[in-house]
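Encoded as structure tokens, the structure appears first; notes follow it.
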Amino acid sequence: ALHAREVGVVTFTLREGILWSDGTPITTDDFEFTYAAMLDPKVPNSTKDLFKQGKDASGNEQFARFERVDARTFKFVTTQVNVIFQYAVGSIYAIPKHKWEAQWKAGDFTRVMTLQTPPNEIVTSGPFRLKQFDTEQRVVLERNPHFWKVDQAGNRLPYIDQVIFVIVP
């Protein structure tokens, strides 16, 4: 049942067996961590604006509440009607808790991913992972062997092994 101030609940279930590019399972904990970091006033970002739910009696901004259900299921509880809320959640680029939580808790989160970060330290859930970055020259992406998507025959996607972006002044 909804509390008096709650107007909606949007529930999400993660695919079974999805992994980060380093082979670690992606779980609800990663999304909870991502949302907490996104709402942290010390972490500049514009995505949190999509989750604003008005202001409380003291004039402080309120945001949709994240609730962990289990390792693969989580929900957001809203206090205002927002017909595009599920699309706002889709705009979150989840970040791996196992990789960045310690830096976030230490207050160093905004300094951990820089141009000097070794490519193997950048963990992703997308079809490619960073292999090489040469400042003002090129970016090399390689196929993520743990990407969840497969074709109709069961072959893991993407088919392309590597993508190179050349930076031209």
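If you scan region 114-132, which residues turn out to be part of a strand (DSSP E or B) and open to solvent by 70 Å² or more (accessible area, probe 1.4 Å)?
Result: Lys131, single match.
Does Val163 fit the bill of being part of a loop (DSSP other than H, G, I, E, B) and aliphatic (A, V, I, L, M)?
In short, no.
Of the residues in region 146-169, how many are in contact (Cβ under 8 Å) with a residue 12 or more places away in the chain and either touching a strand residue (DSSP E or B) at 6+ places or on another chain (Cβ under 8 Å) or surrounded by 13 or more Cβ atoms within 10 Å (Cβ to Cβ) (or both)?
Count: 14.
Taking the residues in region 24-64 that are of a type in the set (Ser, Thr, Tyr) and open to solvent by 20 Å² or more (accessible area, probe 1.4 Å) as candidates, determine which candidate is farthest from Val89 (Cα to Cα).
Ser58
Can you pull out every residue in region 133-145 that is under 17 Å from Glu121 (Cβ atoms), open to solvent by 60 Å² or more (accessible area, probe 1.4 Å) and not in a loop (DSSP other than H, G, I, E, B)?
Correct list: Phe133 only.
Could you say which residue among Ala106, Ala94, Ala57, Ala88 is out of contact with any strand residue (DSSP E or B) (no Cβ under 7 Å at 6 or more places or on another chain), closer than 26 Å to Gln162 by Cβ and small (Gly, Ala, Ser)?
Selected residue: Ala94, the only one of Ala106, Ala94, Ala57, Ala88 that is out of contact with any strand residue (DSSP E or B) (no Cβ under 7 Å at 6 or more places or on another chain), closer than 26 Å to Gln162 by Cβ and small (Gly, Ala, Ser).
Can you find, within region 107-128, the residue that is modelled with the lowest pLDDT among those that are under 28 Å from Leu14 (Cβ atoms) and either of a type in the set (S, T, N, Q) or touching an Asp or Glu at 6+ places or on another chain (Cβ under 6 Å) (or both)?
Checked region 107-128; the qualifying residue modelled with the lowest pLDDT is Thr110.
The values are calculated or read from the model by the stated rules, or taken from the named source; none is laboratory data. On a predicted model such as this, the values are computed, not experimentally measured, just so you know. Positions of Cβ are backbone-derived with ideal geometry, glycine not excepted, and every protein chain shown enters the neighbour counts. Note: accessible area is taken over every heavy atom of the protein model, side chains too, but ligands, DNA and RNA are not part of it. Shrake-Rupley method; radii C 1.70, N 1.55, O 1.52, S 1.80 Å.
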